[in-house]
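We did not get these values from a lab; they are worked out from the coordinates using the rules stated. Because the structure is a prediction, the values reported are computed rather than measured. Every residue, glycine among them, receives a Cβ derived from its backbone with ideal geometry; neighbour counts consider all protein chains shown.
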Amino acid sequence: MSYVLLAIACSVLVSALLKLARRFDVDVAQAVAWNYLVASVLVALVLQPSAEVLRGTGVPWAALAGLGVLLPTIFLVLGASVRHAGIVRSDAAQRLSLLLSLPAAFVLFGETLRPTAAAGIALGLLALAAMLWRGASATVDGAPARWRYPLLVLAGFGVIDILFKRVAQAGVPLGASLQAMFALALPVAFAIALGQRARGGARFTLRNAAGGVLLGLFNFGNILFYLRGHRALPQHPALVFAAMNIGVVALGALVGTALFRERLSRLNLAGVLLAALALGCIALV
């Protein structure tokens, strides 16, 4: 389980870095762009994927291209969500993206809906409503961003999960698919950063590049340790899945409330617990 714990830590550290970006004057768009350069290099060095499989027939280039556009775009949305809604809601929304990808597995990929999965979806919807509920404070300035961005995170990562499933179904090895995704995401991310710079945004600096290097290290670490967790426990995929998702929600809640003083009502906290319970039910599928 040590690999899974490291994957959980890396995932929450990505959110923490996005939260700290403004405090340390790091431009998130540029950091995200450099992140994909670092992650792409690390995939090539550590996973050593073969490019031959990408030259064959049956490679789902439409899905890979969609991921190349969505990955950097949703990364920026995640950064905005962490800034406006906090780490707790953003990490939980990212993990609850299964509320979209799981039904898609039944509709698009022919999987069977089981009672535990249906219960998990229902609990997840309740969790989402509880976490995003603002009560009387919903009328303050900027409050719409506190629920709008987490919903965009959920929707975006849900679509990404579906596209990942399509790539996996085509039989493309994970290392090669990651290399292709990151290579396609790299020019998109830099185009976004350059576009913001052309409109008067931040200059390209070593500080932004350094932030991107850290982001890339933790982003790749999340992927690498999660994969190694599955390899270390090949007979217990549901355990790894549940530990990863529930662990991110739990650690994200701890980091958000203890270190960043994010304010959550009792209903919001109940939503976090419901999210963990929902992910646990889904893991039993």
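Starting from the Cα gyration tensor of the chain, take the square roots of the eigenvalues, sort them a ≥ b ≥ c, and report rounded, prolate or oblate (rounded when a/c is under 1.5, otherwise prolate if a/b is larger than b/c, else oblate). Because a/c hits 1.5 or more and a/b fails to exceed b/c, the chain counts as oblate. 3J(HN,Hα) couplings calculated from phi for the stretch 68-73 with the Karplus curve 6.51 cos²θ - 1.76 cosθ + 1.60 (θ = phi - 60°) are, in sequence order, x, 7, 6, 4, x, 5 Hz; Gly and Pro show x. Counting neighbouring Cβ atoms within 10 Å and putting the fewest first, the residues Lys165, Lys19 line up as Lys165, Lys19. The slack between Leu151 and Thr112, meaning 0.36 nm per residue of separation minus the straight C-alpha distance, is 11.4 nm. Here the gap between Leu45 and Ala210, fully extended at 0.36 nm per residue and compared with their Cα-Cα distance, gives a gain of 57.4 nm.
Ranking request for peptides 108-119, 214-225: highest mean number of other beta-carbon atoms within 10 Å first, then the rest in descending order.
Details: 108-119: 13.3, 214-225: 21.3.
Peptide ranking by packing, descending: 214-225, 108-119.
Does the stretch 189-285 classify as rounded, prolate or oblate by the C-alpha gyration tensor (a ≥ b ≥ c root eigenvalues; a/c under 1.5 gives rounded; else a/b over b/c gives prolate, otherwise oblate)? Here the stretch 189-285 falls in the oblate category.
Is any residue of the stretch 184-205 close enough, with backbone N under 17 Å, to a label point placed 7 angstrom from the Cα of Asp25 along the Cα-Cβ axis, and if so, which? Inside the label zone: 201-205.
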